[in-house]
């Protein structure tokens with residue numbers, strides 16, 4: 001037997017976890033931010049397993065009343081929007097980090113081409129033209 005309250009509460013808890021992740025993601029960047037998001041992601045996986053079990057019991061929610069289905073659809077649509085927003089933020093982070101890493105790589109190559117950081121040799125591999 002199934003309990004529609006378990007389904008609703010699981011989806012609502014999932015919705016709340018997405019809200020927490022979005023709150024974290026929208027804060028200024030800090031070192032442990034991605035770890036904090038991942039911790040919440042583990043909690044989301046547990047809820048998703050519970051939801052999957054309930055889906056199997058209810059034959060993909062066929063046994064639910066239309067009122068409960070409507071409420072579930074509203075929550076699911078909201079979760080979908082939250083997921084899209086969170087994904088966009090993380091993709092922006094990735095893009096920003098990629099650009100930063102590329103700059104660091106160019107700076108490293110430039111430093112190396114001029115003899116490195118602790119080089120006692122004054123001779124560089126390149127000759128700069130004077131302006």
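Read-outs throughout are calculated quantities, based only on the coordinates presented, and are distinct from any laboratory measurement. Since the model is a prediction, treat every value here as computed from it, not as a measurement.
Subtracting the Cα-Cα distance of residue 108 and residue 26 from their residue separation scaled by 0.36 nm leaves 26.4 nm. Rounded to whole Å, the principal axis extents of the Cα atoms in region 4-113 read 70, 21, 20, largest first. Under Stokes-Einstein, with the Kirkwood radius over Cα pairs as Rh, the value for region 63-102 at 37 °C and 0.692 mPa s is 267 µm²/s.
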